[in-house]
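For reference, the structure discussed in these notes is given below.
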Amino acid sequence: MKELSALQIERLKYQPKLPKSLAGGINNLSMTEGNKTQSVKDMEQIQELFKNTYGKPVVTFTTTSATQAGEARNIGVILSGGQAPGGHNVIAGLYDALKQSNPNSKLYGFLGGPSGIIEGQYIEFTPEKIDAYRNTGGFDIIGSGRTKLETEEQFQKALKVCQNLNITGVVIIGGDDSNTNAAMLAEWFVKHNAGIQVIGCPKTIDGDLKNDQIEISFGFDTATKTYAELIGNILRDANSAKKYWHFIKLMGRSATHVGLEVALQTQPNITLISEEVEEKKMSLKQIVDYMSNIIAKRAEMGKNFGIALIPEGLIEFIPEVKAMIANLNDILATLENDAAYKNADENTKFAIIKSKLNAQDASVYESLPVMIKQQLLMDRDPHGNVQVSKIETEKLLIEMVSAKLSEMKKAGTYNGKFSAQCHFFGYEGRCAFPSNFDADYCYSLGFNAYALMKFGLTGYLSSVKNLSAPASEWVAGGVPLTMMMNMEKRHGQFKPVIKKALVELNGPVFKVLEQNREDWALNDRYIFPGSIQYFGPSSVCDITTETLRLENAAKLATV
């Protein structure tokens, strides 16, 4: 038997809270349908691709006194994409709802992500297995993966595996790309009268899977609190040693929700927001000038230290670099099977790429340090994109800021000392013990996912709203996956995907940063959040993110 920490022993005992509607029992639910929906963009194209599942209504659950006993069913569950705190509780909530509906039901976990349903790799969950993972971080209960579900052969294999296990429903726990998989699979199953429902659950610590129906993706709360603790520690260290600038890259490829939330929790001196860089069409030089000027001003005050937060995906939001990367992605897609390119040495590869890029993009590519050019040519991710987590933007900025400060020193406009440390916080937050909020939210999402199946729905995303209120007041329901979709270019082709939610520069969350940015830059308003608290008053243990609090306050102000 594996050793357990004292905290894990206590966390296994924690009973997650449910919304009042779900707490009344899975067999005592009533469902209300809203109006028919449409996709956020590219309506005609999305409807054409999802003829059988498009336009479904948003649904909401309430408790009823009438009891509807559930039939015995076999359900499968998949963990897809990167880890996020709380995934185990989604499975626990699904399992408990399934067994509560009918004790003879079975839950199968497909191993290693979506590939498990294709290859027939699975386990059957037992009470002992589920109980050993309640309220714990990670996805190690069945593992995860990034296999795309999009081909006829994959769908046929998935169908055969489900039929062999008599599975009539599949829950896919993942982010925007994973839930696009769910939408594709749901549509295929309906088209072929397979009798298998598909429900998604919104997971991603990046926080970019959200809309009016999905207020937050699970894992965001825990991950940002984990990062805020680490950054708070560094802030305290910087303020103690008073001799280092810390350049900290934070996870968040396509949106800067993580960086923005952590900034509000800790109040560092510099916070770069990718969406703002793109909106203002800032060049790499302008970003370096902005950072260097703050460093110089602090040096004049005798402060040769500070903290700079840098979003993981920043380089893709700098317009000149973004255009180059888009061109580069298309070129690399055509070189996937080019033996001459694959076997070429590094300098030859650089020359081949430069010759194929248009003139402006070639100039940008050529201006970058060799280190960054190498990283831009690394293998694509499964969706054909540059793996920005491997691009050491924090080191690039340190190098360029250092060069700029040297120029300023020669010109007599800077007389400080610049010594920098770099960090990248990503994996440190993905598998942390889920906060009480994420433990409750994830359990509710899983429980609610089976409620959607019980009412015969497919192609839906499990939705739990009103999250700034106590858990008992949360609102459970579902939103059609097609409602969140648009067409985007992937691997050189336009494909249906769930639209990412980026930071809104006119939104209440960014406005707080914007209003305080100058003050935080020069004055040390550091906050030290400390570690996530699991025991104690609700005001400490069940608090949500600043993002959710500010967004909810803004909604209430407009009512």
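Out of all the residues in the range 518-533, is one or more farther than 30 Å from Ala183 by Cα, at pLDDT 95 or above and touching a Phe, Trp or Tyr at 6+ places or on another chain (Cβ under 8 Å)?
yes
Just for the range 135-163: of the residues that are under 22 Å from Tyr427 (Cα atoms) and of a type in the set (A, V, I, L, M, F, W, C), which one is nearest to the chain's Cα centre (by Cα)?
Per the stated criteria, the residue is Phe139.
Out of the range 475-495, which residues are closer than 28 Å to Tyr441 by Cα and either surrounded by fewer than 24 Cβ atoms within 10 Å (Cβ to Cβ) or among the aliphatic types (A, V, I, L, M) (or both)? Walk me through how you get there before you give the answer.
From the range 475-495, those closer than 28 Å to Tyr441 by Cα are 475-486; that's our starting set.
Hits for the range 475-495 are Val475, Ala476, Val479, Leu481, Met483, Met484, Met485, Asn486.
Looking only at residues that are surrounded by fewer than 17 Cβ atoms within 10 Å (Cβ to Cβ) and modelled with pLDDT under 85 in the range 386-402, which one is farthest from Ser144 (Cα to Cα)?
Ranking the candidates gives Lys390 first.
For the range 403-428, give me each residue that is at pLDDT 95 or above, in contact with a strand residue (DSSP E or B) (Cβ under 9 Å, 6 or more places away or on another chain) and not hydrophobic (A, V, I, L, M, F, W, C).
Ser419, Gln421, His423 - these are the residues of the range 403-428 that are at pLDDT 95 or above, in contact with a strand residue (DSSP E or B) (Cβ under 9 Å, 6 or more places away or on another chain) and not hydrophobic (A, V, I, L, M, F, W, C).
Go through (1) in contact with a strand residue (DSSP E or B) (Cβ under 9 Å, 6 or more places away or on another chain); (2) not in a helix (DSSP H, G or I) for Gly302 and report which single condition fails.
(1)
Take the range 1-53 and flag every residue that is β-branched (Val, Ile, Thr), assigned to a helix (DSSP H, G or I) and out of contact with any helix residue (DSSP H, G or I) (no Cβ under 8 Å at 6 or more places or on another chain).
Within the range 1-53, the subset β-branched (Val, Ile, Thr) is 9, 26, 32, 37, 40, 46, 53.
The next check asks that each one be assigned to a helix (DSSP H, G or I); those that pass are 9, 46.
Residue satisfying the conditions is Ile9 alone.
When you go through Trp245, Trp188 one by one, which is the residue that is aromatic (Phe, Trp, Tyr) and not assigned by TED's automatic domain parsing to the domain that holds Gly138? Outline the logic, then answer.
Working: Trp188 fails: not assigned by TED's automatic domain parsing to the domain that holds Gly138.
Answer to the check: Trp245.
Here's the yes/no breakdown for (1) assigned by TED's automatic domain parsing to the domain that holds Met485; (2) more than 28 Å from the chain's Cα centre (by Cα); (3) surrounded by 17 or more Cβ atoms within 10 Å (Cβ to Cβ):
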site: Tyr14; (1), (2), (3): yes, no, yes
site: Lys17; (1), (2), (3): yes, no, yes
site: Asn35; (1), (2), (3): yes, yes, no
site: Met43; (1), (2), (3): yes, no, no
site: Ile46; (1), (2), (3): yes, no, yes
site: Ser65; (1), (2), (3): yes, yes, no
site: Asn74; (1), (2), (3): yes, yes, yes
site: Ser80; (1), (2), (3): yes, no, yes
site: Gly86; (1), (2), (3): yes, no, yes
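Does the range 213-229 include one or more residues that are among the hydrophobic types (A, V, I, L, M, F, W, C), surrounded by fewer than 24 Cβ atoms within 10 Å (Cβ to Cβ), in a helix (DSSP H, G or I) and touching a residue at least 12 places away in the same chain (Cβ under 8 Å)?
no
For the range 457-478, what are the residues that are more than 22 Å from Thr168 (Cα to Cα), among the hydrophobic types (A, V, I, L, M, F, W, C) and part of a loop (DSSP other than H, G, I, E, B)? Break it down stepwise before answering.
Looking only at the range 457-478, we keep the residues that are more than 22 Å from Thr168 (Cα to Cα), and these are 464-476.
Subset that is among the hydrophobic types (A, V, I, L, M, F, W, C): 464, 467, 469, 471, 474-476.
Those that are more than 22 Å from Thr168 (Cα to Cα), among the hydrophobic types (A, V, I, L, M, F, W, C) and part of a loop (DSSP other than H, G, I, E, B): Leu467, Ala469, Trp474.
So, in the range 159-175, exactly how many residues are closer than 24 Å to Glu488 by Cβ and touching a helix residue (DSSP H, G or I) at 6+ places or on another chain (Cβ under 8 Å)?
The initial filter retains those residues of the range 159-175 that are closer than 24 Å to Glu488 by Cβ, namely 172-175.
Now restrict to residues that are touching a helix residue (DSSP H, G or I) at 6+ places or on another chain (Cβ under 8 Å): 172-174.
Residues meeting the conditions: 3.
Testing Ala194 on (1) touching a residue at least 40 places away in the same chain (Cβ under 8 Å); (2) among the aliphatic types (A, V, I, L, M); (3) farther than 30 Å from Lys555 by Cβ, one condition comes back false. Which one is that?
(1)
Does Thr266 qualify as being modelled with pLDDT of 95 or more, buried (at least 19 other Cβ atoms within 10 Å of the Cβ) and within 28 Å of Lys404 (Cβ to Cβ)? First the steps, then the outcome.
Values: modelled with pLDDT of 95 or more: yes; buried (at least 19 other Cβ atoms within 10 Å of the Cβ): yes; within 28 Å of Lys404 (Cβ to Cβ): yes.
So Thr266 fits the description; yes.
Kindly indicate whether Ser292 is in a helix (DSSP H, G or I) and of a type in the set (Ser, Thr, Tyr). Working first, answer last.
Working: in a helix (DSSP H, G or I): yes; of a type in the set (Ser, Thr, Tyr): yes.
Spelling it out, Ser292 is indeed in a helix (DSSP H, G or I) and of a type in the set (Ser, Thr, Tyr).
Looking only at the range 249-263, which residues are surrounded by 23 or more Cβ atoms within 10 Å (Cβ to Cβ) and of a type outside the set (Lys, Arg)?
Within the range 249-263, Leu250, Met251, Gly252, Ala255, Thr256, His257, Val258, Gly259, Leu260, Glu261, Val262, Ala263 qualify.
Taking only pairs six or more apart or across chains, which ones have beta-carbon atoms under 6 Å, a first residue in the range 149-167 that is in contact (Cβ under 8 Å) with a residue 40 or more places away in the chain, and a second residue that is assigned to a loop (DSSP other than H, G, I, E, B)?
Note: pairs meeting the criteria are Val161/Gly120; Cys162/Ile196.
Just need a number here: residues in the range 479-488 that are out of contact with any Gly (no Cβ under 9 Å at 6 or more places or on another chain) and outside any helix (DSSP H, G or I).
Residues of the range 479-488 out of contact with any Gly (no Cβ under 9 Å at 6 or more places or on another chain): 479, 484-488.
If we keep only those that are outside any helix (DSSP H, G or I) as well, we get 479, 485-488.
Qualifying residue count for the region: 5.
Among the residues of the range 540-554, is there at least one that is surrounded by fewer than 21 Cβ atoms within 10 Å (Cβ to Cβ), part of a loop (DSSP other than H, G, I, E, B) and touching a Gly at 6+ places or on another chain (Cβ under 8 Å)?
No - not one qualifying residue is present in the range 540-554.
Return a yes/no flag: does the range 88-96 have any residue that is farther than 30 Å from Cys431 by Cα and acidic (Asp, Glu).
Within the range 88-96, the subset farther than 30 Å from Cys431 by Cα is none.
So far as the range 88-96 goes, no, none of its residues is farther than 30 Å from Cys431 by Cα and acidic (Asp, Glu).
Can you find, within the range 327-351, the residue that is surrounded by the most Cβ atoms within 10 Å (Cβ to Cβ) among those that are part of a helix (DSSP H, G or I) and free of Cβ contacts under 8 Å to residues at least 12 places away in the same chain? I'd like the intermediate steps shown before the answer.
Step one: list which residues in the range 327-351 are part of a helix (DSSP H, G or I), which gives 327-334, 339-342, 346-351.
With free of Cβ contacts under 8 Å to residues at least 12 places away in the same chain added as a condition, the list becomes 339-342, 347-348, 351.
Values: Ala339: 8, Ala340: 9, Tyr341: 18, Lys342: 10, Asn347: 9, Thr348: 12, Ala351: 12.
My answer is Tyr341.
On the basis of being closer than 28 Å to Gly137 by Cβ and surrounded by 15 or more Cβ atoms within 10 Å (Cβ to Cβ), does Ala521 make the cut?
Numbers: closer than 28 Å to Gly137 by Cβ: no; surrounded by 15 or more Cβ atoms within 10 Å (Cβ to Cβ): yes.
So Ala521 fails the test.
Could you look through the range 285-298, keep only residues that are buried (at least 20 other Cβ atoms within 10 Å of the Cβ) and not β-branched (Val, Ile, Thr), and pick out the one that is nearest to Leu405 (Cα to Cα)?
Only one residue tops the list, namely Ser292.
Which condition breaks for Lys500 when tested against (1) outside any loop (DSSP other than H, G, I, E, B); (2) within 30 Å of Thr180 (Cβ to Cβ); (3) modelled with pLDDT under 95?
Evaluating Lys500 over (1) outside any loop (DSSP other than H, G, I, E, B); (2) within 30 Å of Thr180 (Cβ to Cβ); (3) modelled with pLDDT under 95 leaves (1) as the failure.
The values are calculated or read from the model by the stated rules, or taken from the named source; none is laboratory data. None of the values given here were measured: they were computed from a predicted structure. In this analysis, Cβ positions are derived from the backbone assuming ideal geometry, glycine residues included, and neighbour counts consider all displayed protein chains.
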